Amino acid sequence: MHVAIPPEKWTQSVYSTPDSCLAKAEAEKLSSMSFDPSFFSSAYRQCIGRGHSHKDCVSSLPAVDTKLTPAGPLATPANSAEMASAVACISENGGDIDKCTSHFDALSKLAGYKEEEKKSSMQKGSEFASKAGWKMLALPVAYVGLKFIKIK
C-alpha cells in the first residue's frame with residue numbers, strides 16, 4: 001500500500017493535523033522555534049580567545065543552549081510519570097487508544113487543554129459587551145431616540 005500526498009496539500013500536511021489526531025498542531029508557534037548550531041563552538045572560541053586553556057574552556061561551557069525553544073508542559077520532569085504511564089498503557093494494549101483514554105485525558109489537562117464549556121446567554125451578552133467597550137453607551141441613547149422617532 002502506498003500513501004501519497006499531492007503537492008498542493010504539502011503545506012496542509014505540515015501546518016495541520018489529521019482529524020483523528022488528539023493533539024492538534026499549533027502552527028503559530030512553528031516560527032518561534034530556534035536552534036543555534038554554532039552556540040557551543042562560538043562560546044568555546046570566545047573562551048580560547050580570552051587566553052584560557054582548552055581544559056578550562058571545556059569545563060566552563062554551559063550545559064544547555066540558552067537559545068533553544070523551551071519544551072512544552074508535558075516534557076517537564078514533574079509530568080514524566082504521567083507520560084510514562086500513558087506510553088506503558090499504549091504498549092501494553094497493543095496501541096488500542098480506547099483502553100487508555102483516562103491517561104490521555106490526564107495528559108490533555110496537564111498540557112492545558114480545556115473542554116469547551118457551554119455558555120449561557122448572559123455570559124455571551126457579557127462577553128459581547130466587554131468586546132464592544134465604550135460603544136455600548138450608544139445603546140440606551142438609540143433606545144430612547146427610537147421611542148420618539150416614528151418610522152413610516
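Below, the figures for the structure above:
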{"quantity": "Per-residue Cβ neighbour rank within 10 angstrom, fewest leading, ILE97, ILE5, ILE151", "calculated": "ILE151, ILE5, ILE97"}
{"quantity": "Packing-based exposure ordering (other Cβ within 10 Å, fewest first) of MET136, MET83, MET122", "calculated": "MET122, MET136, MET83"}
{"quantity": "Order of TYR44, TYR143, TYR15 under a 10 Å beta carbon neighbour criterion, fewest first", "calculated": "TYR143, TYR15, TYR44"}
{"quantity": "Average silhouette area of the chain, convex hull of alpha-carbon atoms, in square nanometres", "calculated": "22.2"}
{"quantity": "Region 80-152: GluC sites (Glu not before Pro) in DSSP coil with no more than 11 other Cβ atoms inside 10 Å", "calculated": "GLU115, GLU116, GLU117"}
{"quantity": "Label-point separation, SER53 to ALA84 (7 Å along Cα→Cβ), nm", "calculated": "4.1"}
{"quantity": "Pairs of lysines in region 26-117 (C-alpha under 29 Å apart; 8 or more residues apart or interchain)", "calculated": "7"}
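Just so you know, all these numbers are worked out from the coordinates, no wet-lab data involved. Predicted model only: the values in this text are computed from it and were never measured. Don't worry about glycine lacking a Cβ; one is built from the backbone with ideal geometry, like all the others, and counts go over all protein chains shown.
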